[in-house]
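To start, the structure under review is shown below, and the notes come after it.
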Amino acid sequence: MRDEGYGHGIPLAAAVRVWVRVAALSFGGPAGQIAVMHRILVEEKRWISESRFLHALNYCMLLPGPEAQQLATYIGWLLHRTAGGLIAGTLFILPGFVSILILSILYAGYQDLALTQALFFGIKAAVLAVVLEAVLRVGRRVIRNAFMVAIAGSAFVAIFFFNVPFPLIIVGAALLGLVGSRLDPQRFVVIRGHDSGAVTPALDALLFDGALTHAAPGLGGTLRVAAIWLTLWWLPIVAIIASVGADDTFAQIGLFFSKLAVVTFGGAYAVLAYMAQEAVQNYGWLAPGEMLDGLGMAETTPGPLIQVTQFVAYLGAYRQAAGWDPVTAGVLASVLATWVTFVPCFLWIFAGAPYVESLRGRPALDAALSAVTAAVVGVILNLAVWFSMHVLFAEVQTTRAFGLTLSYPLLATVDPASLLLAVGALVAMLRFHVGMLPVIGVSAALGAGWFLLGA
């Protein structure tokens, strides 16, 4: 078959069909999405070797943003240059974008209906279990010694009691990891790259021989790519600010989610607490329970979980964009939030991927990633505690003193039904290894029945 000049015998049209298939199966969060790509690209198609796939994954995990979408973009770029990366990355986003946009319109328009409230009553409890399971899953991966425990615990204390901004926690953890890689690399490097497995002759042989010229790093090309994607990223925001001012809702959405795009290390769960804090408390775009509803949407639709940003943006513009039709404002805000969330992902890949081979076997980067991932465990634990209080209890109080902030629920306001659903969902996932989608579906059905019966 013709490969249209790429040298590896894989036509772009064939790759498009594969990326459509990957996008259609991209349920279950990053772990499930990466597993789908591994099965199709490594085991079935044998387009890329195990070691190359895992190394690319490790590289993507060092970046802010959804690693699964960036991994698809990276492999698409490796196979068919910029066009391949754009196709793979965009298709990975598209199904989730359409799904969440439709659900957001229905949610905002029919939120007061009893059926809508009933469905999300059960979904919230299941999502709480999903977040708790994420704490354990990520923790098992990195919490292997006292250093990692200390980093995770410090991150939790910093964000829960002192409201330290999430970006500062990530930067601090990365710097600690870099220092630790020199002082005690055996204990700080707990996440390592892989360099074993069967080699797929086509693509890996071309990389080894240097035949894929677009994979060779060059300063001029990097600067050109960075300039193009930075312009694409910031041009809409600059135009909005120039037209309506920096205090406009659309300008706030563009700036806030742009900032979020550069600190989204560790996946959507890690940054949700920061997003919730800003969107709920500072901007007033939505309520705490609504953030859980949005996460439930993202969990049950294809694509990256970070696409919950478009739900948050939709509600913010739907409620606060003066002078606009609410639905029109919400749709435009969804597009804007998606744009500023994912355009940076293409920037990181297209500018940085040519240097990926030079990153192989760098202990300092592995140590930084290990420390950041440990900090993410503490941040996700904070998210789990925050969600638990707002899902399981009707009233949550906050006390501030001596620079500390302490939020705590009133135990008498516990909701037994929500507690029962959350415990049942957690047991189903941890003890019986039931998949996330069945757990959410059953919890939604049980919660709806309980809610509608007025229990």
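The values are calculated or read from the model by the stated rules, or taken from the named source; none is laboratory data. Computed from a predicted model, the values in this text were never measured in an experiment. Cβ placement follows ideal geometry from the backbone for every residue including glycine, while neighbour counts extend to all protein chains displayed. For accessibility, only protein heavy atoms count, side chains too; no ligands or nucleic acids. Shrake-Rupley method; radii C 1.70, N 1.55, O 1.52, S 1.80 Å.
Amide H contacts of SER49: THR200, ASP204, each under 5 Å away and 5 or more positions distant or on a separate chain (H built 1.01 Å from N in the peptide plane; Pro and chain starts excluded).
Model label points for THR399 and ARG362, set 7 angstrom from Cα along the Cα-to-Cβ axis, are 4.7 nm apart. Within the chain, the whole DSSP H helices whose Cα atoms reach 20 Å or more along their own axis and whose mean Kyte-Doolittle score is at least -0.5 are 67-110, 114-142, 146-161, 166-183, 219-244, 326-352, 363-392, 416-430, 436-452. In whole angstrom, the chain maps to an equivalent ellipsoid with semi-axes of 36, 26, 23, each derived as √(5λ) from the alpha carbon gyration tensor and ordered largest first. Given R0 = 60 Å, the distance between the Cβ atoms of TYR408 and ALA83 translates into a calculated FRET efficiency of 0.65.
Simple spin-label estimate for LEU106 and THR328 gives 2.5 nm between the two label positions (7 Å along the Cα-to-Cβ direction from each Cα). A helix-only calculation puts the chain at -23500 deg cm²/dmol for mean residue ellipticity at 222 nm, using -39500 (n - 2.57) for each DSSP H run of at least four residues, averaged over all residues. Rounded to the nearest percent, how much of the accessible area of the chain (1.4 Å probe, protein heavy atoms only) is carbon and sulfur? After summing per-atom areas, the C and S share lands at 67 percent. If R0 equals 35 Å, the separation of the Cβ atoms of ALA417 and PHE161 corresponds to a calculated FRET efficiency of about 0.70. Taking amide H positions as modeled 1.01 Å from N, with prolines and chain starts lacking one, the residues under 5 Å from VAL414 and 5 or more places away or on another chain are ALA394.
The protection proxy used here, the mean number of other Cβ atoms lying within 10 Å of each residue, ranks peptides 386-392, 413-419, 299-305 as follows, highest first: 299-305, 386-392, 413-419. When each of the peptides 171-183, 394-406, 239-251 is scored by how many other beta carbons lie within 10 Å of its residues on average, the order from highest to lowest is 171-183, 239-251, 394-406. Measuring nothing but alpha carbons in the stretch 291-423 and taking Rh as the Kirkwood radius, the Rg to Rh ratio lands at 1.07. What the chain shows is 42 Å² of accessible area per residue, with the surface traced by a 1.4 Å probe over protein heavy atoms. Available extension along the chain between LEU178 and ARG39 is 46.7 nm, counting 0.36 nm per residue and deducting the alpha carbon span. Site pair ALA227 and HIS433 shows an inter-label distance of 5.3 nm when each label is modelled 7 Å from Cα along Cα→Cβ.
Judged by the mean number of other Cβ atoms found within 10 Å, the most tightly packed of the peptides 433-443, 124-134 leads the ranking 124-134, 433-443.
Between the listed residues VAL16, ILE380, MET61, the Cα displaced farthest toward the positive end of the dipole of the chain, a dipole computed from Cβ unit charges relative to the Cα centre, is found at MET61.
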